[in-house]
Amino acid sequence: MKISTTEARDILPELVSKAEQGQTIHFTRYGQEKAVLISQERYDRLTRAMFTSNEETA
């Protein structure tokens, strides 16, 4: 899902709920993607995967 930062201000709680359900929210400013909202669970998995990958290559 893509949404402008201006639109997101009005529905932030709804966007957080969507992220919790597994949806990725892309925030745009002036038509360009600037940030991403994902669930805490997904963030934790990605972070663990990055650290695991770094440890394997060290």
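Every number in this text was worked out from the coordinates using simple rules, so none of it is lab data. Please read all numbers here as calculations on a predicted model, not as lab measurements. We place every Cβ from the backbone using ideal geometry, glycine too, and count neighbours over all the protein chains shown.
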* **Which numbered condition Tyr43 fails, given (1) assigned to a helix (DSSP H, G or I); (2) under 16 Å from Thr5 (Cα atoms); (3) among the aromatic types (Phe, Trp, Tyr)** => (2)
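Could you grab me the full set of residues in segment 11-26 that are among the small types (Gly, Ala, Ser), out of contact with any strand residue (DSSP E or B) (no Cβ under 6 Å at 6 or more places or on another chain) and under 11 Å from Gln40 (Cα atoms)? Outline the logic, then answer.
Taking segment 11-26 as the starting set, the residues that turn out to be among the small types (Gly, Ala, Ser) are 17, 19, 22.
If we keep only those that are out of contact with any strand residue (DSSP E or B) (no Cβ under 6 Å at 6 or more places or on another chain) too, we end up with 17, 22.
Within segment 11-26, just Gly22 meets the criteria.
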* Asked: Which of the residues that make up segment 15-43 are loosely packed, with under 11 Cβ neighbours inside 10 Å and among the acidic types (Asp, Glu)?
  -> Glu33
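Mind checking whether some residue in segment 15-29 is in a helix (DSSP H, G or I), without any contact (Cβ under 8 Å) to a residue 12 or more places away in the chain and at negative phi?
So the first thing to find is which residues in segment 15-29 are in a helix (DSSP H, G or I), and the list is 15-20.
If we keep only those that are without any contact (Cβ under 8 Å) to a residue 12 or more places away in the chain too, we end up with 17.
Of the ones still in play, those that are also at negative phi are 17.
So far as segment 15-29 goes, yes, one or more of its residues are in a helix (DSSP H, G or I), without any contact (Cβ under 8 Å) to a residue 12 or more places away in the chain and at negative phi.
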